[in-house]
Amino acid sequence: MDSENHSITLPEIYRFLAQSMHYPDPEWMNADFIQFLNAFLQELHWTDEADTLNTALKSSDNFLEDIQIEHTRLFINAVPHVAAPPYASVYFKGDGTLYGNIAEKTKQFYREKGFYLSKEDDLPDHIVYELEFLALLENTDKTGAQEFLEDLFRPWFTLFYSKVTKEARHPYYRVMMKLIDFFTREEL
Amino acid sequence: MSLKVTRRKFLQTASLAAASVPLAKVVSAENGFVRKPFTPPGSSAGTTTVTGGICEMCFWRCQLVGKVRDKKLVKLEGNPKSIDNGTAICARGNAGIKLLYDPDRLKYPMKNVGERGNPKWKRISWEEALDECAAKLKAVEEKYGPHGIAMFPHGASAKYPMHFFERAVGTHNVSEASFFQCRGIRDTAYVSTFNTAPGEHVDMANAKAILLIGCHFGENVHVSHLKRYLKGLENGAKLVVVDPRYSASAAKSDIWVQIKPGTDTAFLLAIMNYLIENNKYDKKFVAAHCDGFEEFQKGISHASLDWAAQICDIPASQIKEVAELLAANAPNVSIHPGRHVSWHGNDFQRLRAHACLTALLGAIGVKGGFVKPKGPKVKGISWAKGHHDGAHNLKEMADKYHFAPPGTPTELIRDACITGKPYPIKGCVIWGQNPMQTIPKPQKTVEALKQMDFVMCVDVMPTDITMYADILLPEASYLERYDYIKKGTQWNFADKHEQFISARMPLVEAMFERKDEVWITNELAKRMGHADKIPVNSLEEKVEKELASAGLSIAQLKKEDGIHIQPGKDPYGVSEDFEVLLYNEDIEDSGYPGVPTYIPVEEVPKGFARLVYGRSPVHTFNRSQNNVWLYNAMPVNPVWLNDESANKMGLKDGDEVSMVNSEGVKSTFTSVVKVTPGIRKDTVYMAHGYGSKNPMLTVGKGAGIDDQALITKIAIDPETGCSGMRNNFVKLVKSGKALDIPA
Amino acid sequence: MQYGMIIDLNRCVGCHACTIACKAEWEVPADKGRNWVHRLGPSNTPEGLASTYYPGLCNHCNEPSCVPACPADTIEKTFKDAKTGKTKTMEVAATYKDPFNGTVQIDKDRCLGCGACADACPYGARYVNTDLVNEEIGGEGVADKCSYCMPRVEQGLDPACVQTCLANARIFGDLDDPNSEVAKYVKKGAVGLTSAAVNIGPNSRYYGNKKDMHLLTSTSTPMEMPSASLRRSLMARMKPGFNKAKNLGFLGLAGAVLVKGLSEDDQD
């Protein structure tokens, strides 16, 4: 990076994106977060996205619960079906089930780069882990981060992105998908 | 985890977008990566073998080992140390890993913020979920009494919570599908005859003849049970299969009795009458062990070969042939008690006839006969029995179903829910059971659930019933938890007598926030004011204590590769005081026939055929429908239709059809026709467990016809209250047109 | 030595455990199979009403039609006899018949995924696994089929399907060893599914009673050799990055033949 005037780095952006895909908890999904997201979108000149989010926010009695319900429906269990499980192996090289060989490969990749999951209550190819990993690797091994993006992240994320965009009923996840796509795709 | 960027800090940057642009340089960095093609390495590459698995894809529970690579369960295999299933496991057992890693599995506690049947789920914490479940159940208990709570349990993990609600909370309203819709009648009928529940304990491996009534082994698969059967056939046993359909077993039979459905009791009575009239029964055994022979003989004397031939729609000569074959091979004959036996509402009498025939042939405690294995003793640990009287026991209040299996018949519970009489039932706990598919007439179940104050479900997977939960709790699967003690003997009594004890141990850790039954139940108990009665603090402790009763421990079992084997005992022989009640006075006194009696079933109306269902080797009811491997093995359940009928109806093999029953209920989904000479004209058949409605399932939804939805007429077995489910009549529907099925 | 498998239909109960164990062992996509179980009947046969199963798998044929169909470059490969240590070097493409154990195997690293071998198999025993794209070469995936579980057998294990079979209906061993159980079955009358046109020496064989064997052979025997899709193999040969210099001549030569074949293909 050659710019001297920025104080938010790509690793930080990855961490922010990872955070945004956690189950919405009032600990972090609060006014500060929404304000930050709004500013972020404004800086990107994504005014349409910012407006949609603000409209949703204003028209809702319980914005947090809306997103919680949406998160549950899209990513955990839902009606009419688990819309878009946030795991690579559901989309890429396998039977659409969890812990396919792509998840194993992903875990191996983390290891090769010297990282281990601190607790294994979720699968290695969950989007939150992958984004957090990118944040870490971006600091120390930009080439590695690029490899990860190309070989392990983008091939499934593009499918996940379109699935979420199609299934989402709340603008929040559509916007987040667009942001993740923006910061992980090959050319900006 | 939390982001170190605040809004203030963020705003200090002049232009975030501009700062981000240089990313292009980063992402276009040179790629020094060499791609290697991925080749599946096989289950033995880089894996460790974890022992102590006990399957629960079905309830036979084979012993497993897991091949684990870097915390991922790669493959399941039979435990080579097993003297039960050995290295063999069935298709479902093999597919267990696809259940484990099913993305549709329940992961976190969820609250329904929508409505029952049309839920809107929100993930909540365990704390919130448990607080709410306990508060709502407690409220029901306080307002309506403990009997205001009904429970529908199924499977190994449901026993502990079932005992909690039965014994600590104190409700009689517990209804296990395995009893009331499956094998309960068999158990009580045999208890009323032999004073013991029979299990499937016939020594087929060493039999000279085997009689199967409706059993369709091969389509119905339980590993060590099939080993016995196949060993018997290999040893030259004659096989008689009584079935309206040329089943997988009929295809291996020496005699296929193509019986008219519902008339099996008449067939059995005629055989017994023939044996008595022709002095071909075991007089010595009868004299030594049987009570009420005279009443029995008199009671069945009307059952001539011709009488039965006409009722059963089979040649009299064939009944005689079967009787002769059984007599010639007695006492080494296996009269199989069956497993799923709740068919026609006349089943208690039929099962009594099975037991009586077994006794007349002297086929008890002898090679090839009814022989209970002598297994090891392990004491179960659970909630202490409370002091609850018969008050509020629906069965006793109704003064019906005097020979019902333990618990309360499902129909009585649902009727009470819907009518509020004799008392309201307003709280419902469903644990591992899917009453929408296990209990006929799902519309009634919906009605019962809708009027509840509170409904909670605990399961591994979303099922049709979970759509009606207020709170839905995720349970650890059989591969991720301790629990069941599996014990027994070697399957072939001709081999060295050995006993085994094994306990279910996790092959991998439970992921997400899945919890086991003891943890969930105890947390509820604490919140409902029963903390003082909690028998164990964890599932592991429960297993440890149970094993201790047999001088074992988890550590010891692990040392022994998951299975402890010890010398066994010869299971053959009959104790002197073994008593068979051919005529049972208690049954007579309760107002039912004390001698096995054939009660006619409703005739098939013109233009219809009787809907008969059975098992598919790749599914355990609807439980396995979402399993991607099993689904692909048999995506639909073909409807068996007699070839001559099909010809007249203009249907071809593979035609897509739906069904409508005589009460006008239509199947939701379609299936294909299987045109075959191997089924009677008055009967259509399909495998059970298809056509799940829950849209949460991504694989199994809408695959095949759901026979359960078409079973709207339930014949209640008067002695037991169990649900007979083969009294429904259907037409096939092609291109929107219902076609008459010619007689 | 020639490995072979016997399916004893008198024992088989059609439970599908073999097919699912295989999927687990080799990560076979859910909608594909290295092996299969087809239920046959109930149908009338001259021997009476019958119902049985066709548990099928690669036949590891004596004269496999899939091997010559492979358009990949040949390389020299040295095979070793597991028993004697004897070696033999042959020119092989990406699929070959092992000269010592008689099994037909696929070199996954060099497979183009063109599917020509799958098309050439009269038993439908091969498929292209699109999850396994060979990225160095490109293509649609990699051909896959039953390997008789050689990696397991080399470790002294049974093939996965044999191990899990509750009926002991699958028997694996060396057909060339007259004392092996499989050879004894052949002596008793176990047969492969062959017809006048398809007679390439299948080494997976079936044994059963008359009516079951009648039902099996009358429904499941391939009656003609498949005509290879020449278009597919032509396309495979034209893959960029694959035209190594030494093969250019070969490609040109074959090209003329293939172009002819292509136009025939186009006629239907």
Among the residues listed as C:Leu193, C:Leu175, the single one being over 27 Å from B:Asn94 (Cβ atoms), buried (at least 17 other Cβ atoms within 10 Å of the Cβ), more than 10 Å from chain B (Cβ to nearest Cβ) and touching a Phe, Trp or Tyr at 6+ places or on another chain (Cβ under 9 Å)
C:Leu175
When residues of region B:310-344 are filtered for being of a type in the set (S, T, N, Q), open to solvent by less than 50 Å² (accessible area, probe 1.4 Å) and assigned to a helix (DSSP H, G or I), how many remain?
2
Scanning region B:461-477 for residues that are open to solvent by 10 Å² or more (accessible area, probe 1.4 Å) and out of contact with any Lys or Arg (no Cβ under 6 Å at 6 or more places or on another chain) gives B:Thr463, B:Met467, B:Asp470
I'd like the full set of residues that are closer than 21 Å to B:Met634 by Cβ and assigned to a loop (DSSP other than H, G, I, E, B), limited to region B:661-694.
B:Ser667, B:Thr668, B:Phe669, B:Thr670, B:Gly678, B:His688, B:Gly689, B:Tyr690, B:Gly691, B:Lys693, B:Asn694
Can you find, within region C:129-139, the residue that is farthest from the chain's Cα centre (by Cα) among those that are farther than 12 Å from C:Asp109 by Cβ and open to solvent by less than 30 Å² (accessible area, probe 1.4 Å)?
C:Gly138
Of the numbered conditions (1) touching a Pro at 6+ places or on another chain (Cβ under 9 Å); (2) of a type outside the set (D, E, K, R); (3) at pLDDT 95 or above, A:Thr165 satisfies every one except a single condition; which is it?
(1)
Please state which one of B:Ile418, B:Ile425 is assigned by TED's automatic domain parsing to the domain that holds B:Gly148, among the β-branched types (Val, Ile, Thr) and open to solvent by 10 Å² or more (accessible area, probe 1.4 Å).
B:Ile418
Does region B:601-623 contain any residue that is among the small types (Gly, Ala, Ser), touching a Gly at 6+ places or on another chain (Cβ under 9 Å) and closer than 27 Å to B:Ala270 by Cβ?
yes
Any hit, region B:476-495, residues being of a type in the set (Lys, Arg), out of contact with any strand residue (DSSP E or B) (no Cβ under 7 Å at 6 or more places or on another chain) and more than 20 Å from B:Ser224 (Cβ to Cβ)
yes
Which residues, taken from region B:75-124, are over 14 Å from B:Trp60 (Cα atoms), of a type in the set (Ser, Thr, Tyr) and within 14 Å of chain C (Cβ to nearest Cβ)?
B:Thr87, B:Tyr101
Going through region B:125-151 one residue at a time, which ones are within 14 Å of chain A (Cβ to nearest Cβ) and over 13 Å from B:Phe454 (Cα atoms)?
B:Ser125, B:Trp126, B:Glu127, B:Glu128
Please specify each residue of region A:160-175 satisfying the condition of being more than 14 Å from every other protein chain (Cβ to nearest Cβ) and among the hydrophobic types (A, V, I, L, M, F, W, C).
A:Val164, A:Ala168, A:Val175
Return only the number of the condition from (1) of a type in the set (A, V, I, L, M, F, W, C); (2) open to solvent by 20 Å² or more (accessible area, probe 1.4 Å); (3) under 30 Å from B:Gly96 (Cβ atoms) that A:Ala103 does not satisfy.
(2)
Can you tell me which of B:Arg61, B:Arg69 is closer than 30 Å to A:Thr143 by Cα and modelled with pLDDT of 85 or more?
B:Arg69
Can you tell which of B:Lys260, B:Lys252 is closer than 18 Å to B:Gly614 by Cα and either touching an Asp or Glu at 6+ places or on another chain (Cβ under 8 Å) or aromatic (Phe, Trp, Tyr) (or both)?
B:Lys260
Considering region C:20-68 alone, what residues qualify as being open to solvent by less than 10 Å² (accessible area, probe 1.4 Å) and not in a loop (DSSP other than H, G, I, E, B)?
C:Ile20, C:Ala21, C:Ala24, C:Glu25, C:Pro42, C:Ala50, C:Ser51, C:Thr52, C:Pro55, C:Gly56, C:Leu57
Of (1) within 10 Å of chain B (Cβ to nearest Cβ); (2) at pLDDT 95 or above; (3) more than 18 Å from the chain's Cα centre (by Cα), A:Val90 satisfies all except one. Which?
(3)
Just a yes or no: is a residue in region B:471-479 under 18 Å from B:Arg116 (Cβ atoms), at pLDDT below 95 and either in contact with a Ser or Thr (Cβ under 6 Å, 6 or more places away or on another chain) or hydrophobic (A, V, I, L, M, F, W, C) (or both)?
no
Test result for B:Gly432, open to solvent by less than 30 Å² (accessible area, probe 1.4 Å), out of contact with any Phe, Trp or Tyr (no Cβ under 7 Å at 6 or more places or on another chain) and without any contact (Cβ under 8 Å) to a residue 40 or more places away in the chain
no
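The values are calculated or read from the model by the stated rules, or taken from the named source; none is laboratory data. Note that the structure is a prediction, hence the values are computed from the model and not measured. Virtual Cβ from ideal backbone geometry, glycine too; neighbours counted across all protein chains shown. Remember, those area values only see protein heavy atoms, side chains included, never the ligands or the DNA or RNA. Shrake-Rupley method; radii C 1.70, N 1.55, O 1.52, S 1.80 Å.
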